[in-house]
Ligand SMILES: Cc1cc2nc3c(=O)[nH]c(=O)nc-3n(C[C@H](O)[C@H](O)[C@H](O)COP(=O)(O)OP(=O)(O)OC[C@H]3O[C@@H](n4cnc5c(N)ncnc54)[C@H](O)[C@@H]3O)c2cc1C
């Protein structure tokens, strides 16, 4: 049994950020980072499909504390290099253990600490840890499996099937006929990366997605670089500009959704040849930002469509056939390779079995405090980023919060912190984790029943509003009656 003050689950961008902030804001804290994979990076390490890249700009997806010096949209390799520098420059390696999948965590009220079991993914050994605080940086989806809907006739298909989340190493697609099932950011990434090698790619989508084409260059950053401005200044200035522009855009998706929708579709129409049926393939039924908007750097996906190498079918799959896919419309698409870019299965709290003392913890019975802490679960914080802004903005904000909370507990001599509904919250209506009218991607809808409840006040929900939280989270009064210390 190894003893730590803080145990961080996950060595993705959130977990490495957590380790950085602990080292700088709480030097002397004894902590460990456990990750089930064999390297740091999380999303950027586990995804191997061609063209894998961010769809957020790296000025805001990058950490607040480390300038980003490249073009805004980055490849997985570039993001891993950036994270590797954070690890190296801050000697974080000594704190990270790979191949450690946390399988069990029990809070002991008697000892005021978490007892944690991790299974080694390389040799099945069990390792045991204790920690006073559990910092959950496990992301939101299972890295070890993607979501694949049930399709009839799958077994009779004689070609190869690959999921973007479990990309096989030896896959050959040169001069092959390829089908990509699913639209959204993943399809928008993989299709341009593969198009030049394949004979043809057909995207089959049940319904259209919003795409936002733009240049992969930030003019302000370029100008500041030419003026020899310090990297850190450029990072901060460009972040502020991007965040202001995004705030205006997000607000408009609520105040004038029809106009924004029209602008987005018009932006695509101007990039496509007139014979492409924009109404059918690029006109989503939902409001902009009800699901993630897919950024298309330099419009690369549309170039493939214009060249005839890429086509889109907006239709439902009737059945897989021996040689491809039969659509409900009766059209058959033949394929040597079918790529399923059909999304995720949610990984709720790392798929870890939790107990509070002797009782199994039922996450869906808890109420969330700002989407980061939960009633009935002491000394635990979950990093769940933003959908409409870069994830890492919240990872940084929550890291400051944890460090402040730990310092406060030290100051008042507390070993345990719980969040509890206050007197004024007692009659508050409790609702599902997220309002589907507001944001409704498939993986969240499928997992809604497993997620905590939210209240109707901002303190008791994940507002998904960076622009509000950037001021609210640093101002949280840790002596407030929602915090119970022991
Ligand atoms: C292809 C793709 C592109 C994306 N692009 C963007 C983007 O541009 N902008 C954006 O904001 N978001 C993007 N996202 C969302 C993205 O996942 C997050 O932004 C971010 O990378 C999440 O970082 P994280 O560290 O919180 O989680 P992850 O990157 O998911 O890392 C979590 C880590 O925790 C580990 N882990 C999980 N459970 C356990 C356990 N029980 N025990 C031990 N280890 C465990 C995993 O192995 C993993 O390494 C993208 C997602 C995908 C899939």
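Here are the numbers for this structure:
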read-out	value
Count - residues of region 101-125 that are touching a strand residue (DSSP E or B) at 6+ places or on another chain (Cβ under 7 Å) and closer than 25 Å to residue 358 by Cβ	16
The lone exception for residue 130 - which of (1) under 21 Å from residue 382 (Cα atoms); (2) within 14 Å of the ligand (Cβ to nearest atom); (3) surrounded by fewer than 21 Cβ atoms within 10 Å (Cβ to Cβ) it fails	(2)
Neighbours by Cβ (under 8 Å, 6+ apart or cross-chain): first from region 260-277, touching a residue at least 60 places away in the same chain (Cβ under 8 Å); second surrounded by 17 or more Cβ atoms within 10 Å (Cβ to Cβ)	none
Selected residue (only one of 154, 126, 97 is outside the structural domain of residue 43 (by TED's automatic domain parsing) and on the phi < 0 side of the Ramachandran plot)	154
Per-region count, region 72-106, residues within 12 Å of the ligand (Cβ to nearest atom), within 28 Å of residue 380 (Cα to Cα) and assigned to a strand (DSSP E or B)	8
Complete set of residues in region 27-71 that are within 30 Å of residue 105 (Cα to Cα), more than 9 Å from the ligand (Cβ to nearest atom) and out of contact with any strand residue (DSSP E or B) (no Cβ under 8 Å at 6 or more places or on another chain)	27, 28, 38, 63
Selected residue [within 14 Å of the ligand (Cβ to nearest atom), outside the structural domain of residue 315 (by TED's automatic domain parsing) and assigned to a helix (DSSP H, G or I)] from 395, 407, 389	395
Residues located in region 274-295, provided they are part of a strand (DSSP E or B) and either over 22 Å from residue 338 (Cα atoms) or more than 28 Å from the chain's Cα centre (by Cα) (or both)	295
Looking only at region 296-312, and only at residues there that are in a strand (DSSP E or B) and touching a helix residue (DSSP H, G or I) at 6+ places or on another chain (Cβ under 6 Å), the one that is modelled with the lowest pLDDT	296
Check on residue 166, touching a strand residue (DSSP E or B) at 6+ places or on another chain (Cβ under 8 Å) and free of Cβ contacts under 8 Å to residues at least 60 places away in the same chain	yes
Per-region count, region 430-446, residues in a helix (DSSP H, G or I) and more than 17 Å from residue 383 (Cα to Cα)	4
Boolean, residue 19 is buried (at least 17 other Cβ atoms within 10 Å of the Cβ), within 17 Å of residue 380 (Cα to Cα), touching a helix residue (DSSP H, G or I) at 6+ places or on another chain (Cβ under 6 Å) and at pLDDT 95 or above	yes
Within region 23-46, considering residues that are touching a helix residue (DSSP H, G or I) at 6+ places or on another chain (Cβ under 7 Å) and assigned to a helix (DSSP H, G or I), the one nearest to residue 118 (Cα to Cα)	45
Residues of region 260-273 that turn out to be in contact with a helix residue (DSSP H, G or I) (Cβ under 7 Å, 6 or more places away or on another chain), part of a helix (DSSP H, G or I) and surrounded by fewer than 17 Cβ atoms within 10 Å (Cβ to Cβ), as a count	1
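Matching residues to (1) assigned to a loop (DSSP other than H, G, I, E, B); (2) within 22 Å of residue 180 (Cβ to Cβ):
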{"position": "330", "(1), (2)": "yes, yes"}
{"position": "333", "(1), (2)": "no, yes"}
{"position": "338", "(1), (2)": "no, yes"}
{"position": "349", "(1), (2)": "no, no"}
{"position": "364", "(1), (2)": "no, no"}
{"position": "368", "(1), (2)": "no, no"}
{"position": "381", "(1), (2)": "no, no"}
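Table: residues versus (1) within 22 Å of residue 151 (Cβ to Cβ); (2) assigned to a strand (DSSP E or B); (3) at pLDDT below 95.
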position: 180; (1), (2), (3): yes, yes, no
position: 187; (1), (2), (3): yes, no, yes
position: 190; (1), (2), (3): yes, no, no
position: 198; (1), (2), (3): yes, no, no
position: 204; (1), (2), (3): yes, yes, no
position: 213; (1), (2), (3): no, yes, yes
position: 234; (1), (2), (3): no, no, no
position: 237; (1), (2), (3): no, no, no
position: 242; (1), (2), (3): no, no, no
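The values are calculated or read from the model by the stated rules, or taken from the named source; none is laboratory data. Because the structure is a prediction, the values reported are computed rather than measured. Backbone-built Cβ (ideal geometry, glycine too); neighbour counts: all protein chains shown.
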